[in-house]
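Right, one structure below, let's go through it.
Since every read-out is calculated from the coordinates, none of them should be taken as a lab result. Model, not experiment: these values are computed from the prediction. A quick note on method: Cβ atoms are made from the backbone with ideal geometry, for glycine too, and the neighbour counts reach across all protein chains shown.
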Amino acid sequence: MKFSSYEVNGTATYGLADGEGKLTTVGDDLAHRYPTLKDVIAGDALADVANRLGDKTPDTDVESVKMLPVIPNPAKIICVGLNYKDHIAETHNADTEKPMIFCRYPDSQVGHLQALKKPSQGEYYDYEGEMAVIIGKHARFVEKEDALDYICGYSCYNEGTIRDWQYHTKQFLPGKSFFETGSFGPWMVCTDEIPDPTVLTLETRLDGEVMQHTTTDMMIFDIPTLINYISTFTPLNPGDVIVSGTPGGVGFRRDPKVLMEPGKTAEIEISKIGILRNPVEAA
């Protein structure tokens, strides 16, 4: 199963995605019961909604609507830093015994095909290709061996970062939450299609040139470890998002630097999920 969130004629909705760009939008009955995709997840109704929409003909496509972040209204977006050895090496940081955790705000993200905005107040606007994990049920003090049971799906994430603002202090938040600088999509692929998140290939491209390439088994702290750690200090709830870290190859650490500038197009591709594509514009 795959689901997307989007706007049709200015009205936010969601539907079943076929993985090729076709969308089957929920009807008024389902939209009344579950106004958002997060509500479907909270109601443990993904399979029911998919069954109701599965026999219907797609009514639109990703090019004809305004794509929204997969979960437009998450209560929490929890990000992981320094989770790949090659990224630690290029940033000249030391290994950490525990995951490096920070957050970003929901309005810092856009959906598939929507413009990423480079703010005039920042000089170095960098890409970060990552896999997003969407939580499917309330999670608190989760054991590693049970952690995958708390996930409802996965998606692509460009954790766009204003590097000069990131490094103002040791706290990352300012560089990570500029308005509409990150992206999340194109759809959520449910765990029925991805039972094992460690066997995926992730690639970031800027104007078609490969900038980052890795496999998710290269994470230092795997997804069960992250859920165990995060659910210990904060409850996770349906629709919360964990952005699991970026590999080496970020543009700010290249010589010369290769950054997201207006006119360029960024793509994040993850096997079994799809391609998240966004043009870059000046804010």
Simple spin-label estimate for Ala94 and His138 in nanometres, 7 Å along Cα-Cβ: 4.0
In sequence order, calculated HN-Hα J values of the range 59-65 (Karplus, 6.51, -1.76, 1.60; Hz; x Gly/Pro): 10, 7, 8, 5, 7, 9, 10
Charge dipole (the range 133-244, unit charges on Cβ, about Cα centre) - positive-most of Thr232, Ile242, Trp165: Trp165
Dipole magnitude of the range 2-67 about its Cα centre (Cβ charges: Lys, Arg +1; Asp, Glu -1), debye to nearest 20: 120
Ranked Met211, Met1, criterion: other C-beta atoms within 10 Å, fewest first: Met1, Met211
Computed FRET value (nearest 0.05) for Gln121 with Glu7, which takes r as the C-beta separation and R₀ as 25 Å: 0.35
Helix-only CD estimate at 222 nm, as mean residue ellipticity for the chain, using -39500 (n - 2.57) per DSSP H run (n ≥ 4): -4000 deg cm²/dmol
Zone residues, the range 122-148, relative to His168, backbone N less than 19 Å from point 7 Å out along Cα-to-Cβ: 122-126
Asn73/Ile275 FRET efficiency (R0 30 Å; Cβ-Cβ; nearest 0.05): 0.80
For Cys79, residues with placed amide H under 5 Å, excluding near neighbours: Phe102, Cys103, Arg104, Val243
Rounded tilt (10° steps) of 223-233 against the dominant C-alpha axis of the chain: 90
Rounded to whole Hz, the Karplus (6.51, -1.76, 1.60) HN-Hα couplings of the range 163-172, x for glycine and proline: 4, 4, 6, 4, 9, 4, 9, 7, 8, 7
Value of relative contact order over the chain, rounded to a whole percent, pairs C-alpha under 8 Å and six or more apart: 25
Max mean-square fluctuation residue, GNM over the chain, Cα-Cα springs under 10 Å, options Thr215, Thr25, Thr57: Thr57
Charge dipole magnitude, Cβ of K and R +1, D and E -1 - the chain, Cα centre, debye nearest 20: 680
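For Cys103, Cys190, Cys156, what ranking results if the residue with the fewest other Cβ atoms within 10 Å of its Cβ goes first?
Details: Cys103 15, Cys190 20, Cys156 27.
With the fewest neighbours first, Cys103, Cys190, Cys156 line up as Cys103, Cys190, Cys156.
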